[in-house]
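Read the structure below first, then the notes.
All of the numbers you see were taken from the coordinates with simple rules; none came from a lab. Predicted, not measured: the structure shown is a model, and the values here were computed from it. Cβ coordinates were reconstructed from backbone atoms using ideal geometry, including for glycine residues, and neighbour counts include every protein chain displayed.
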Amino acid sequence: MAEHRFIPADCGTCAFWKRANEQGGSCRRYAPHPVGSVNEVAHWPRTHEADLCGEWSAQLDGGRVLCRACVYWRHPIDGIHPLQREDQSSDWWSSAGHCLRFAARPSSEPGFRAFWRVTHSSDGCFEGKRRDLERRVPNEQ
Ligand code: SF4
Ligand code: SF4
């Protein structure tokens with residue numbers, strides 16, 4: 001009979017996870033997709049360190065790419081000036097830009113207008129592409 005080895009795995013040991021506090025963090029596996037409203041802030045999904053999904057991965061080559069170092073990030077020179085600041089400060093918006101990583105997907109709604117979502121310069125994900133090697137950071141926990 002084949003022998004199966006149990007490999008303990010959870011978000012806390014996943015290369016895609018960014019720790020935020022003692023037990024919680026966020027999954028940085030994916031970049032945000034465009035949506036139907038302007039200047040919507042991207043929030044990465046929060047997970048507990050004991051959670052797990054089928055995309056768990058051990059250490060990857062390199063690390064998470066910071067938005068400010070990513071070729072897909074467009075940052076207006078004086079930041080973004082939204083009509084609604086949501087729960088972010090004006091300082092936050094001055095260091096914000098749009099993530100252009102993905103094209104918008106077709107919609108069932110005629111005339112659907114796509115808008116790219118907003119991230120902060122210090123955000124980042126594993127679907128970014130660094131502009132240079134020096135600005136890629138390890139996936140610090
Ligand atoms: S949800 Fe999956 S991919 Fe994301 S951190 Fe947890 S195990 Fe990793
Ligand atoms: S690192 Fe790049 S792809 Fe990822 S969220 Fe930031 S701008 Fe988008």
Residue list for segment 69-87, filter: part of a loop (DSSP other than H, G, I, E, B), within 16 Å of ligand 2 (Cβ to nearest atom) and in contact (Cβ under 8 Å) with a residue 24 or more places away in the chain: Val71, Tyr72, His75, Ile80
Residues of segment 27-38 satisfying the condition of being surrounded by 18 or more Cβ atoms within 10 Å (Cβ to Cβ) and in a loop (DSSP other than H, G, I, E, B): Arg28, Arg29, Ala31, Pro32, Pro34
Among the candidates Glu55, Glu22, residue that is away from ligand 2 (no atom under 13 Å from the Cβ), closer than 21 Å to Phe126 by Cβ and either not in a loop (DSSP other than H, G, I, E, B) or not β-branched (Val, Ile, Thr) (or both): Glu55
Residue check for Leu66: in contact with a Gly (Cβ under 7 Å, 6 or more places away or on another chain) and within 15 Å of ligand 2 (Cβ to nearest atom): yes
Enumeration of residues in segment 61-88 that are loosely packed, with under 12 Cβ neighbours inside 10 Å and over 16 Å from Thr119 (Cα atoms): Asp61, Leu83
Residue count for segment 89-110, restricted to those that are away from ligand 2 (no atom under 14 Å from the Cβ), surrounded by 14 or more Cβ atoms within 10 Å (Cβ to Cβ), among the small types (Gly, Ala, Ser) and more than 16 Å from Tyr30 (Cα to Cα): 1
Qualifying residues in segment 39-55 (those that are surrounded by fewer than 18 Cβ atoms within 10 Å (Cβ to Cβ) and within 18 Å of Gly128 (Cα to Cα)) - the one nearest to ligand 1 (Cβ to nearest atom): Glu55
Segment 111-131 - residue that is of a type in the set (Ser, Thr, Tyr) and closer than 11 Å to Trp73 by Cβ and, of those, farthest from ligand 2 (Cβ to nearest atom): Ser121
